[in-house]
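Data first, discussion second: the structure below is written as structure tokens.
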């Protein structure tokens with residue numbers, strides 16, 4: 001999928017997402033939004049591999065609440 005198409009889909013999703021989902025997205029991307037961090041090609045490849053495993057049912061999935069809990073616990077321990 002081309003970057004322009006991805007941006008368009010994300011913009012639309014953010015416009016209609018509920019507050020919990022927006023908070024989850026922001027929590028995941030906060031450091032990048034507030035700072036200047038860019039993923040390496042190896043990291044991006046890993047994300048796509050993990051996504052494919054998720055779509056194939058080969059990995060554990062988490063709810064929004066579980067994800068926020070994990071992120072918040074991790075931030076508190078640092």
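The sum of -39500 (n - 2.57) across all DSSP H runs of n ≥ 4, divided by the residue count of the chain, sets its helix-only mean residue ellipticity at 222 nm to -24500 deg cm²/dmol.
Would you please classify the overall shape of the stretch 18-77 from the alpha carbon gyration tensor, given that a ≥ b ≥ c denote the square roots of the eigenvalues, rounded means a/c under 1.5, and beyond that prolate means a/b larger than b/c while oblate covers the rest? Walk me through the intermediate numbers first.
Values: a/c = 1.82, a/b = 1.13, b/c = 1.62.
Cα axes put the stretch 18-77 in the oblate bin.
Model label sites at residue 31 and residue 75, defined 7 Å from Cα along the beta-carbon direction, differ in position by 1.2 nm.
We did not get these values from a lab; they are worked out from the coordinates using the rules stated. Values in this document were obtained by computation on a predicted structure and should not be read as measured data. Please note: Cβ atoms are built from the backbone with ideal geometry, for glycine as well, and neighbour counts cover all protein chains shown.
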